[in-house]
1. Taking VAL250 as the residue in question, decide whether it is surrounded by 12 or more Cβ atoms within 10 Å (Cβ to Cβ), among the aliphatic types (A, V, I, L, M), touching a residue at least 40 places away in the same chain (Cβ under 8 Å) and in a helix (DSSP H, G or I).
2. When you look at GLY201, is it within 16 Å of ligand 2 (Cβ to nearest atom), in contact with a strand residue (DSSP E or B) (Cβ under 8 Å, 6 or more places away or on another chain) and at pLDDT 90 or above, yes or no?
3. Can you tell me which residue in the range 1-25 is surrounded by the fewest Cβ atoms within 10 Å (Cβ to Cβ), limited to those that are closer than 19 Å to LEU43 by Cα and among the hydroxyl-bearing types (Ser, Thr, Tyr)?
4. Condition first: surrounded by fewer than 18 Cβ atoms within 10 Å (Cβ to Cβ), out of contact with any Ser or Thr (no Cβ under 6 Å at 6 or more places or on another chain) and closer than 30 Å to TYR177 by Cβ. Can you find one or more residues in the range 255-273 that meet it?
5. Out of all the residues in the range 29-60, which are hydrophobic (A, V, I, L, M, F, W, C) and either more than 16 Å from ligand 2 (Cβ to nearest atom) or in contact with a Ser or Thr (Cβ under 6 Å, 6 or more places away or on another chain) (or both)?
6. Taking the condition in contact with a Phe, Trp or Tyr (Cβ under 6 Å, 6 or more places away or on another chain) and within 16 Å of ligand 2 (Cβ to nearest atom), does VAL231 pass?
7. Sort out which residues of the range 58-70 are of a type in the set (A, V, I, L, M) and either surrounded by fewer than 18 Cβ atoms within 10 Å (Cβ to Cβ) or assigned to a loop (DSSP other than H, G, I, E, B) (or both), and write them in order of number.
8. Can you tell me how many residues within the range 288-304 are surrounded by fewer than 18 Cβ atoms within 10 Å (Cβ to Cβ) and over 17 Å from PRO100 (Cβ atoms)?
Amino acid sequence: MNTEILSIYGISKKEDIENIEKTVNILDNGGLVAIPTETVYGLAADIYNDYAVKNIYQAKGRPNDNPIIVHVENLEMAKTLVIGKNKLFDNLTKYFWPGPLTLICEKSYNVSSIVSGGLSTVAIRLPQNDIMLNIIKKLKKPLAAPSANLSGAPSPTSSKHVIDDLNGKIDCIIKSYDCKIGLESTVLSIVNNEAILLRPGSITINMIENVIGKIKISENIFKEVSENQKVISPGLKYKHYSPKTNLILVQCNLEKFKFFLKTKENFSLLSFTKELEKNNFPNINIGCLDNENELNKNLFNCLRLIDSLDCKVSYFRLDEKIKNYHAFYNRVLRASGFEVITIE
Ligand code: TXA
Ligand code: MG
């Protein structure tokens, strides 16, 4: 398939408007378009076109029991997708939408079981990106959109990542700015008016608890799902974000880490700014240890770059501080397949 690459850097210039019209047309005709959001690029299809939604699973190689987030333009559109009254929904959307918070709600008959992966619930989010919002507004329909990467690979934070993964497999890729946040949205289930965090993101536990009080945290956020375990969010079962290089996390301080590396060969490093810079190891700088936003923004790009260093393993020092960066910690643990060496 020939994938059309369309540049869209805003919503008001003539070229932008023309290209937005083109993408709306492609979506309205059952095509797939990769669109930037504030978190990561999404692979979008019209939620009312079953054929198009099935093609999302096909293009990504996504297991078909893993449901897809639906993106809406406003609250009114969101309400057509859910049933029942939910106080948490009203409170949370007031504070955090548009933004990187996905809410899992009881679904209405408008949402097909292909979108919901056979579940009775639907994941909804109102993104904070003018291009995405403008496309939904013109299409007048919600968009189903998982992250626009091959299943299992790091999520795409730039149009280059999408092109690397999906060129030739989908109808169109929007070429635009890199994503502002760089990690996917926080996923919170509010089914039966009970809030359970399923995936940490840049809307933090604290921020949510400040609005609705204490929430539950899924036990699998920092822990591997065991075989045959039943999970609320099917995405938790699958391998995620993994580079081809074997990523190993080493939990210790910098001194011990240097000592550890002396005993190793043929490795690369994912390292913090100003750490280990004077050494001649093949090295990818992930940002300053003290700057959580910077680390979030760089992670997926760095995970993709690791493979270009062509080493068998790559080590990343798991500093104690990282455990407080919930979204980042959750992603590196999964990227490493929970492979952690602890040096006391
Ligand atoms: O920031 C984001 O959330 C990005 C952008 C494109 O919006 N999207 C994204 O989608 O990360 P995806 O499909 O890569 O991750 C969605 C996660 C999956 O782990 C999936 O299992 C879970 O949300 N999910 C979706 N619908 C669900 C549902 N009804 N119940 C439980 N979990 C659900
Ligand atoms: Mg994904």
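The values are calculated or read from the model by the stated rules, or taken from the named source; none is laboratory data. If you're wondering where the values come from, they're calculated on a predicted model, not measured in any experiment. Cβ sites come from the backbone with ideal geometry, for glycine too, and all protein chains shown count toward neighbours.
1. On the way: surrounded by 12 or more Cβ atoms within 10 Å (Cβ to Cβ): yes; among the aliphatic types (A, V, I, L, M): yes; touching a residue at least 40 places away in the same chain (Cβ under 8 Å): yes; in a helix (DSSP H, G or I): no.
Judged against the criteria, VAL250 is not a match.
2. Yes, satisfied.
3. SER7
4. First, pick out the residues of the range 255-273 that are surrounded by fewer than 18 Cβ atoms within 10 Å (Cβ to Cβ): 255-256, 258-267, 273.
Then keep just the ones that are out of contact with any Ser or Thr (no Cβ under 6 Å at 6 or more places or on another chain); that gives 255-256, 258-267, 273.
Of the ones still in play, those that are also closer than 30 Å to TYR177 by Cβ are 273.
Yes, there is a match, as at least one residue in the range 255-273 is surrounded by fewer than 18 Cβ atoms within 10 Å (Cβ to Cβ), out of contact with any Ser or Thr (no Cβ under 6 Å at 6 or more places or on another chain) and closer than 30 Å to TYR177 by Cβ.
5. Restricting attention to the range 29-60, the residues satisfying the condition of being hydrophobic (A, V, I, L, M, F, W, C) are 32-35, 40, 43-45, 47, 52-53, 56, 59.
Residues satisfying the conditions are VAL33, VAL40, ILE47, ALA52.
6. Working: in contact with a Phe, Trp or Tyr (Cβ under 6 Å, 6 or more places away or on another chain): no; within 16 Å of ligand 2 (Cβ to nearest atom): yes.
Answer is no for this residue.
7. Within the range 58-70, ILE68, ILE69 qualify.
8. Here is the first cut: in the range 288-304, the residues surrounded by fewer than 18 Cβ atoms within 10 Å (Cβ to Cβ) are 288, 290-291, 293-294.
Cutting the leftovers down to over 17 Å from PRO100 (Cβ atoms) gives us 288, 290-291.
Residues in the range 288-304 being surrounded by fewer than 18 Cβ atoms within 10 Å (Cβ to Cβ) and over 17 Å from PRO100 (Cβ atoms): 3 in total.
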